[in-house]
Amino acid sequence: MEAFANLVAATGIDADGLKAAEAASSAGFAYGLAAIGPGIGIGYLVGKSVEAMARQPEAAGMVRTTMFLGIAFTEALALIGFVVFILIGL
């Protein structure tokens, strides 16, 4: 973080601007971390659903419905991360 502070200080930004820049970079990093988990989870969920549909095509309707519910719940984690990203940035 010291390197970031030196870089911003070299541009002539005052202490308040430095705090705002650090908060913005920290918030962006936090949202990036918050998006990794749901991305991996949705990829795994869809992959296993396609595998299940390939093994038992007659159950595809039930598997698809369950898959979309899982995607919705997993995507909610990313949205919560986005809200935290906005709250940290303020």
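The values are calculated or read from the model by the stated rules, or taken from the named source; none is laboratory data. Predicted model only: the values in this text are computed from it and were never measured. Backbone-built Cβ (ideal geometry, glycine too); neighbour counts: all protein chains shown.
On the given criteria, is M62 at pLDDT 80 or above and either at positive phi or surrounded by fewer than 15 Cβ atoms within 10 Å (Cβ to Cβ) (or both)?
yes
Mind listing just one residue for me: the one in region 65-86 that is of a type in the set (G, A, S) and surrounded by 13 or more Cβ atoms within 10 Å (Cβ to Cβ) and, of those, nearest to A30 (Cα to Cα)?
My answer is G81.
In region 33-90, what residues are farther than 30 Å from A23 by Cβ and either outside any helix (DSSP H, G or I) or basic (K, R) (or both)?
K48, R55, Q56, R64, listed by residue number.
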